[in-house]
Amino acid sequence: MASLFHLVFCFSFLFCLKNTFLVLGFHSNSVFFPISKDAATLQYVASISHGTPPAPTNLVVDLGGPFVWMDCDSGPVSSSNRLISSCSVNCSRAKFHDLESRGEKGCNFNTNCNVLPYNGVTGLTAEGKLVEDILAVDSVDRLQVGQVKAVDHFLFSCAPTFLLQGLARGAKGILGLGKASISLPWQLSSSIGHSQKFTLCLSSSNGVVSTGNGDPIFGTKITRSLLYTPLVTKKNDYFINVQSVKINGKRLAIDKSMLLGTKLSTVLPYTTMESSIYAIFSKAYVKATESMNMTRVAAVSPFELCFNSQEGVENSRLGPVAPEIDLILQSEMVKWKINGRNSMVRVSNEVMCLGILDGGLEQSSSIVIGGLQLEDNVLEFDLGSSMLGFSSSLLLKETSCSNFLQDSQLKQLM
């Protein structure tokens, strides 16, 4: 009898969950949100529009964020904003990936759903209320370009104002892209009915994040040239498996057991390596620069390896000619190439520094690939098949992430 009850409950839950998503009257191949880079914090800020009347809101992009959260106390009040009950299916969905809340017992129809919005920049967490509202999206498909549509019942969390600490000036919260059932890509995939994918293309100026099929925005020439590697999720973060590291084609003497997972992050501005890995990497990198007659100069915080940019350094369309870094993935044929544009940071007219840092002995991931190394790379997160498609530097293809929204059909929406 108990098993029959549980079976009926499961079917009822799935039915409610299914109907939770049947809220739209349109289908789209892709929707997108423009992203800009904040010069002061080096954070990537997406622009969304939500509420009634629609209000533009800037949110810091966090690949590992489980959902969208924002400060609801400042700015205009939305007439369509509605609190979610602690007994609702949506509350259960929101807490499914929240290990600190999943153990809560029971519910009360008179209480609101509390969740824990997380600031990935500062590491701060606070209690927030789960709400739903209307989200405006820029829809793109083969028949219609630039159609602004409304997503009803979009779930996000209201958070206390102090949680904005550390975010870019003007940002009102976090745009979570993690693998959770109420993250931005999962909600839009379920609501609009397109594939469980999102594509990220960051830039030092203007980039874009899109959900669904990336072809209408990035073009089939780009999307069909991507290399693919298995995508591993831990909690809400995305990881890839790096088998080895090469500098100028020479494999580093890093034991494979030390490479326990490489995390992708949009909240760290630069790649960091666990100290024992960084020690091997930095020694080999300095040796490679010496063979290229690059002149080392005094370190400039937070960087350790800095060089005279006017002596022994040529420039190319891939940025300064510096040692080439390869992250070898499942085979020698599948590697993520990092050239000077994605490795060097110009700190003055005379000095450039390596934008790869020592993450310390306590860093939980062996390597964390940060924002600089992600820029001008098309990154396709296929959540359905757990694969990551990546392009390496688009500069090799004589384009960049800042170009995609400059198309004459799309720039009107920027």
(message) Condition first: under 23 Å from residue 399 (Cα atoms) and of a type in the set (A, V, I, L, M, F, W, C). Now tell me which residues in region 188-207 satisfy that.
(response) 198, 200, 201, 202
(request) Would you tally the residues in region 196-220 being under 28 Å from residue 38 (Cβ atoms) and in a helix (DSSP H, G or I)? (result) 3
(request) Hey, can you tell me all the residues within region 181-193 that are surrounded by fewer than 22 Cβ atoms within 10 Å (Cβ to Cβ) and either of a type in the set (D, E, K, R) or part of a loop (DSSP other than H, G, I, E, B) (or both)? (result) 181, 193
(message) Suppose we filter region 292-343 for residues that are free of Cβ contacts under 8 Å to residues at least 24 places away in the same chain and over 31 Å from the mean Cα position of the chain (by Cα); how many remain?
(response) 7
(message) Tell me yes or no: at least one residue of region 194-208 is in contact (Cβ under 8 Å) with a residue 24 or more places away in the chain, in contact with an Asp or Glu (Cβ under 7 Å, 6 or more places away or on another chain) and not assigned by TED's automatic domain parsing to the domain that holds residue 138.
(response) no
(message) Can you tell me which condition residue 220 does not meet? The list is (1) β-branched (Val, Ile, Thr); (2) free of Cβ contacts under 8 Å to residues at least 60 places away in the same chain; (3) surrounded by 17 or more Cβ atoms within 10 Å (Cβ to Cβ), and all the others hold.
(response) (3)
(request) Evaluate region 65-73: report whether one residue or more is over 14 Å from residue 157 (Cα atoms) and in a loop (DSSP other than H, G, I, E, B). (result) no
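Matching residues to (1) touching a Phe, Trp or Tyr at 6+ places or on another chain (Cβ under 9 Å); (2) outside the structural domain of residue 187 (by TED's automatic domain parsing); (3) modelled with pLDDT under 90:
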{"position": "31", "(1), (2), (3)": "no, no, yes"}
{"position": "57", "(1), (2), (3)": "no, no, no"}
{"position": "67", "(1), (2), (3)": "yes, no, no"}
{"position": "70", "(1), (2), (3)": "yes, no, no"}
{"position": "77", "(1), (2), (3)": "no, no, yes"}
{"position": "85", "(1), (2), (3)": "yes, no, no"}
{"position": "92", "(1), (2), (3)": "yes, no, yes"}
{"position": "95", "(1), (2), (3)": "no, no, yes"}
{"position": "105", "(1), (2), (3)": "no, no, yes"}
(message) Against the condition more than 29 Å from residue 38 (Cβ to Cβ) and either polar (S, T, N, Q) or not assigned by TED's automatic domain parsing to the domain that holds residue 340 (or both), how does residue 236 come out, does it pass?
(response) no
(request) Read through the list (1) touching an Asp or Glu at 6+ places or on another chain (Cβ under 7 Å); (2) within 17 Å of residue 370 (Cα to Cα); (3) not in a loop (DSSP other than H, G, I, E, B), then give the number of the only condition that residue 304 fails. (result) (3)
(request) Please specify each residue of region 319-336 satisfying the condition of being in a loop (DSSP other than H, G, I, E, B) and buried (at least 17 other Cβ atoms within 10 Å of the Cβ). (result) 322, 323
(request) Name, by its number, the condition in (1) at pLDDT 95 or above; (2) within 21 Å of residue 41 (Cβ to Cβ); (3) not assigned by TED's automatic domain parsing to the domain that holds residue 234 that does not hold for residue 370. (result) (3)
(message) Can you confirm whether residue 49 is outside any loop (DSSP other than H, G, I, E, B), modelled with pLDDT of 80 or more, assigned by TED's automatic domain parsing to the domain that holds residue 133 and buried (at least 17 other Cβ atoms within 10 Å of the Cβ)?
(response) yes
(message) Can you report the number of residues in region 349-372 which are of a type in the set (S, T, N, Q) and either surrounded by 24 or more Cβ atoms within 10 Å (Cβ to Cβ) or free of Cβ contacts under 8 Å to residues at least 40 places away in the same chain (or both)?
(response) 1
(request) Go through region 221-259 residue by residue and tally those that are in a loop (DSSP other than H, G, I, E, B), charged (D, E, K, R) and over 23 Å from the mean Cα position of the chain (by Cα). (result) 1
(message) Taking the criterion of being of a type in the set (S, T, N, Q) and crowded, with 21+ Cβ neighbours inside 10 Å, would at least one residue in region 292-314 satisfy it?
(response) yes
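The values are calculated or read from the model by the stated rules, or taken from the named source; none is laboratory data. Computed from a prediction, not measured in an experiment: that's the story for all the values here. Cβ coordinates were reconstructed from backbone atoms using ideal geometry, including for glycine residues, and neighbour counts include every protein chain displayed.
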